Amino acid sequence: MHHWVRASSSDFTGTPPQPRSGHTAVNVGKSMVVVFGGLVDKKFLNDIIVYDIENKLWFEPECTGSLSEGKVGPTPRAFHVAITIDCHMFIFGGRSGGKRLGDFWVLDTDIWQWSELTSFGDLPTPRDFSAAAAIGNQKIVLCGGWDGKKWLSDVYVMDTMSLEWMELSVSGSLPPPRCGHTATMVEKRLLVFGGRGGGGPIMGDLWALKGLIDEERETPGWTQLKLPGQAPSARCGHTVTSGGHYLLLFGGHGTGGWLSRYDVYYNDTIILDRVTAQWKRLPISNDEPPPPPRAYHTMTSIGARHLLIGGFDGKSTFGDLWWLVPEDDPIAKRSSVPQIRNPPETKESERELDTQERGQEGSTIVDLQKKMGISVSSGLLRLQIPEESEDQEFVELGTRLIEGDVVDNRASMIQMAAEALRQHWRESTPETLQLKELGSLLRDYQRLVTRKYTAQGSLASADFGLPGKKTFTFYHIKSSSELRMDDIPKLLEEYKTLLI
């Protein structure tokens, strides 16, 4: 069991990063995490913020080095790649405004000195939303991205000793071109998951690239992996972080399903177990709510903990920090605390992000409800199922259906509204059901189950998943925010049986 814990000002000293998305955050050994760049309110950043792990301190180092456009180090950017080899952080590409970048930099974190390496050899073409990973302790592999006109599928390997880039010639079938994907080295293979591809579809495929380790003398080639278990829905802008014997996937963004015109942001946590080679949902405690859904965030391993920084949800850029910790961590049982000392979350008007990345039927309903401005009530506060007269949303929905009818009193009005709304839902299909109705539908479903079976003496006559009896799958769900898109047909089907 793992726990999400919002970072507290007591967790560290110094000033943590301001709100941002599209930034990078990389481990330098086991001593620090270095955050670079990002985007907030159409402003591209090129600041360096460092978390000193041992001293639990955030600080901003004074960097020296090459002078570029009047600034020391790389120009402001977001959606670049950053990889560390020993004490060196390498930066390639990204975006600044509408321009894709193709410059290459290294930061020596021992002396905080930038050096530009763009003039060394034939670099990859300018791009953003690419993905990269370290190969051992000497090389970097970079794949895919978006060059402003097309999605890319090329693979480059860079030797940090010679500073030479080489485009890898790969035989056999190739993954579709993509951007906004992740690339992670696992043993001798590069694993690539998700992203947005040519023509715009969001992808949920997993590919492995061999031939990156010189000693193996393998011919480079891609293999698509179809692993068992609860695979993540298609997405881009997610993170994949190594966590011992598993890889941890969090968040991301996409569009799709029967509400394809809406953007969907995720906050689910899924692991790829390297031992059993299958996908699993990471067990998360329900004691505290998880971070809000987001994409273009960073997730960094610090011992057994993972640190989540920033991100974007289609409307706002986040400045919050979260810990994902195992059950035996001292802070695991800590209650939610006020946000740490940093600027407030900032409204994001940068819509260009959404033209690059688009989610999927497996998404949670709460993401769509929040985007559409529909209130999401906290199920944790609702310990009892309210009667119709106390269910304001239910009454309001039903009242709209009987407008114009003459009603003697409030009790008669509520009865007529309830009958009209239930008839409406009896005739509804998953495609015609509106998001704003889901909360009221779920509560009425639970109300009717309770009423029908307590009238028979006990809820035991209605089984909540037991074979051979009437099953009501969603009776114990606390809020419609826990529903998934593919739950809606079954919820509606079970609800209609209660109206018979």
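The values are calculated or read from the model by the stated rules, or taken from the named source; none is laboratory data. Nothing here was measured: the structure is a model prediction, and the numbers come from that model. Note: ideal-geometry Cβ built from the backbone for every residue, glycine included; neighbour counts use all protein chains shown. Note: accessible area is taken over every heavy atom of the protein model, side chains too, but ligands, DNA and RNA are not part of it. Shrake-Rupley method; radii C 1.70, N 1.55, O 1.52, S 1.80 Å.
Give the residue that is nearest to W58 (Cα to Cα), with candidates limited to residues of segment 1-19 that are of a type in the set (A, V, I, L, M, F, W, C) and out of contact with any Lys or Arg (no Cβ under 9 Å at 6 or more places or on another chain).
Among those that are of a type in the set (A, V, I, L, M, F, W, C) and out of contact with any Lys or Arg (no Cβ under 9 Å at 6 or more places or on another chain), it is A7.
Can you tell me which residues in segment 125-138 are crowded, with 20+ Cβ neighbours inside 10 Å and out of contact with any Lys or Arg (no Cβ under 7 Å at 6 or more places or on another chain)?
Matches in segment 125-138: F129, S130, A131, A132, A133, I135.
Quick check, is G465 at pLDDT below 75, farther than 22 Å from E388 by Cβ and either open to solvent by less than 60 Å² (accessible area, probe 1.4 Å) or not in a loop (DSSP other than H, G, I, E, B) (or both)?
Yes: the conditions hold for G465.
Restricting to segment 1-31, give me the number of residues that are closer than 28 Å to S285 by Cα, hydrophobic (A, V, I, L, M, F, W, C) and touching a Ser or Thr at 6+ places or on another chain (Cβ under 9 Å).
Residues meeting the conditions: 5.
Within segment 141-163, which residues are in a strand (DSSP E or B), of a type outside the set (G, A, S) and surrounded by fewer than 22 Cβ atoms within 10 Å (Cβ to Cβ)?
Matches in segment 141-163: V141, L152, D154, Y156, V157, D159.
Where residues in segment 272-306 are over 15 Å from the mean Cα position of the chain (by Cα) and of a type in the set (K, R), which of them is nearest to F12 (Cα to Cα)?
Ranking the qualifying residues of segment 272-306, first place goes to R305.
Take the conditions assigned by the TED database to the domain that holds Y156 and open to solvent by 30 Å² or more (accessible area, probe 1.4 Å) and apply them to T241. Does it pass?
No: the conditions fail for T241.
Restricting to segment 59-77, what's the tally of residues that are buried (at least 21 other Cβ atoms within 10 Å of the Cβ) and at pLDDT below 95?
The qualifying residues number 2.
Looking for whichever is more than 30 Å from P16 (Cα to Cα) and hydroxyl-bearing (S, T, Y) here; the options are T317, T255, T298, T269. Which one fits?
Sole residue among the options that is more than 30 Å from P16 (Cα to Cα) and hydroxyl-bearing (S, T, Y): T255.
Just to be sure I understand the filter: pairs with C-beta atoms under 9 Å, separated by 6 or more residues or on different chains, first member in segment 383-402 and over 10 Å from A418 (Cβ atoms), second member not in a helix (DSSP H, G or I). Which pairs pass?
I385/D391; Q392/P386; E393/S375; E393/S377
Please go through segment 164-205 and pick out each residue that is among the polar types (S, T, N, Q), open to solvent by 60 Å² or more (accessible area, probe 1.4 Å) and not in a loop (DSSP other than H, G, I, E, B).
S171
Could you please let me know if D122 is modelled with pLDDT of 90 or more and surrounded by fewer than 15 Cβ atoms within 10 Å (Cβ to Cβ)?
Here the answer is no, as D122 does not meet what is asked.
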